[in-house]
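Student: The structure follows.
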Amino acid sequence: MYSRFAPAAEKLGVSEHRAELLRGVNGKVLEVGAGSGLNFAYYPPTVSEVVAIEPEPHLRARAAQAAVRAPVKVTVMDGMDSELPFNDAAFDVVVASLMLCSVPDQRASLAEMHRVLRAGGELRFYEHVVAQQPGIVIIQKVADIFWPHVGAGCHTSRDTLGAIEDAGFSVSSVRRFQFQPCLMCIPASPHIIGMATKDPPELLH
């Protein structure tokens, strides 16, 4: 379903969001939950390597195809967000793009991202999140009764920005906006794009 829906969403604005998310990224990058690899085309030449983790076999196969066409080196691997198979501080940048809505445990996922990111490194995030308007929050909570069952675990009422801050990241920039590519997408329309950093140890005291 995602593979069929994605091309239309890209044309309606998601491609611009991906470009904004990855603008200025450099160094060694880990993309967690890479899906079918739709971000790959937007990595700038300042990136030395992208390691992309995707646990779902169909999407991972499509991501491997997208990696061949990518403008930078991309390695696609099987793996889980809650148990990343990398050493501490192994990456300059971690990218979370439209995946923190569906992970079983946001706290565990973000803890792993924090662990594998070097001190001073960046977390780039692009997610749909809980609304700031109480009326829409009610719609989201009702939707989450059934939404995860038809959306591969996707939740619409998660406070993902709060979870990022709780994981020890310092949010340096965030843009909130509404994006509704279809009528059914109202519960998932509040979005954020932003950047957070993992503070060096001397700044934590």
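The values are calculated or read from the model by the stated rules, or taken from the named source; none is laboratory data. Source: prediction; values computed, not measured. Glycine gets a Cβ as well: all are built from the backbone with ideal geometry, and neighbour counts include every protein chain shown.
Student: From the set of residues in segment 89-133 that are surrounded by fewer than 22 Cβ atoms within 10 Å (Cβ to Cβ) and basic (K, R), which is nearest to the chain's Cα centre (by Cα)?
Tutor: R107
Student: Working carefully through the options H149, H155, find the one that is assigned to a helix (DSSP H, G or I), out of contact with any Ser or Thr (no Cβ under 6 Å at 6 or more places or on another chain) and of a type outside the set (A, V, I, L, M, F, W, C).
Tutor: Numbers: H155 fails: assigned to a helix (DSSP H, G or I).
Testing whether each residue is assigned to a helix (DSSP H, G or I), out of contact with any Ser or Thr (no Cβ under 6 Å at 6 or more places or on another chain) and of a type outside the set (A, V, I, L, M, F, W, C) leaves just H149.
Student: Check segment 165-185 and report whether any residue there is among the acidic types (D, E) and under 16 Å from the mean Cα position of the chain (by Cα).
Tutor: If we filter segment 165-185 for residues that are among the acidic types (D, E), which is where we start, we get 165-166.
Within this subset, residues satisfying the condition of being under 16 Å from the mean Cα position of the chain (by Cα) are 165.
Yes, segment 165-185 contains a residue that is among the acidic types (D, E) and under 16 Å from the mean Cα position of the chain (by Cα).
Student: Moving on. Within segment 186-204, work out how many residues are among the hydrophobic types (A, V, I, L, M, F, W, C) and more than 14 Å from the chain's Cα centre (by Cα). Quick ask: steps written out before the conclusion?
Tutor: Pass one, segment 186-204, residues among the hydrophobic types (A, V, I, L, M, F, W, C): 186, 188, 192-193, 195-196, 203-204.
Adding the requirement that they be more than 14 Å from the chain's Cα centre (by Cα) leaves 186, 188, 203-204.
Number satisfying all stated conditions: 4.
Student: Between residues in segment 157-180 that are within 17 Å of D199 (Cα to Cα) and residues that are at pLDDT below 95, which pairs lie under 6 Å by C-beta distance while being six or more apart or on different chains?
Tutor: S170/D199
Student: Now, a different point. Just for segment 139-177: of the residues that are of a type in the set (A, V, I, L, M) and more than 22 Å from L22 (Cβ to Cβ), which one is surrounded by the most Cβ atoms within 10 Å (Cβ to Cβ)? Steps first, please.
Tutor: So in segment 139-177, the residues of a type in the set (A, V, I, L, M) come out as 139, 142-143, 145, 150, 152, 161, 163-164, 167, 171, 174.
Narrowing further to those that are more than 22 Å from L22 (Cβ to Cβ): 139, 142-143, 145, 150, 152.
Working: I139: 16, V142: 13, A143: 19, I145: 8, V150: 8, A152: 12.
This residue is A143.
Student: So, one more: In segment 114-137, what residues are part of a strand (DSSP E or B), in contact with a Cys (Cβ under 9 Å, 6 or more places away or on another chain) and hydrophobic (A, V, I, L, M, F, W, C)? Give the steps one after another, and end with the answer.
Tutor: Looking only at segment 114-137, we keep the residues that are part of a strand (DSSP E or B), and these are 117-128.
Filter once more, keeping what is in contact with a Cys (Cβ under 9 Å, 6 or more places away or on another chain): 127-128.
Of everything in segment 114-137, nothing turns out to be part of a strand (DSSP E or B), in contact with a Cys (Cβ under 9 Å, 6 or more places away or on another chain) and hydrophobic (A, V, I, L, M, F, W, C).
Student: Return the residues of segment 61-113 that are part of a loop (DSSP other than H, G, I, E, B), touching a Phe, Trp or Tyr at 6+ places or on another chain (Cβ under 8 Å) and closer than 30 Å to V130 by Cα; say none if nothing qualifies.
Tutor: From segment 61-113, those part of a loop (DSSP other than H, G, I, E, B) are 70-73, 78-79, 81-82, 84-90, 98-105; that's our starting set.
Retained after the next criterion (residues that are touching a Phe, Trp or Tyr at 6+ places or on another chain (Cβ under 8 Å)): 70-72, 98, 100.
Result: L98, L100.
Student: How many residues does segment 65-83 hold that are in contact with a strand residue (DSSP E or B) (Cβ under 7 Å, 6 or more places away or on another chain), of a type outside the set (V, I, T) and within 13 Å of G33 (Cα to Cα)? Outline the logic, then answer.
Tutor: First, pick out the residues of segment 65-83 that are in contact with a strand residue (DSSP E or B) (Cβ under 7 Å, 6 or more places away or on another chain): 67, 72-77, 79, 81.
Checking the rest, the ones that are also of a type outside the set (V, I, T) come to 67, 73, 77, 79, 81.
Still in the list and also within 13 Å of G33 (Cα to Cα): 77, 79, 81.
So the count comes out to 3.
Student: Follow-up. If a residue must be surrounded by 13 or more Cβ atoms within 10 Å (Cβ to Cβ), modelled with pLDDT under 75 and of a type outside the set (A, V, I, L, M, F, W, C), how many such residues does segment 3-18 contain?
Tutor: Residues meeting the conditions: 1.
Student: Still on this structure, I have one more. Report, by residue number, each residue of segment 139-162 that is out of contact with any Cys (no Cβ under 8 Å at 6 or more places or on another chain) and modelled with pLDDT of 95 or more.
Tutor: D159, L161, G162
Student: Shifting gears a bit: If you check E49 against the conditions, is it touching a residue at least 40 places away in the same chain (Cβ under 8 Å), surrounded by 15 or more Cβ atoms within 10 Å (Cβ to Cβ) and acidic (D, E)?
Tutor: Numbers: touching a residue at least 40 places away in the same chain (Cβ under 8 Å): no; surrounded by 15 or more Cβ atoms within 10 Å (Cβ to Cβ): yes; acidic (D, E): yes.
In short, no.
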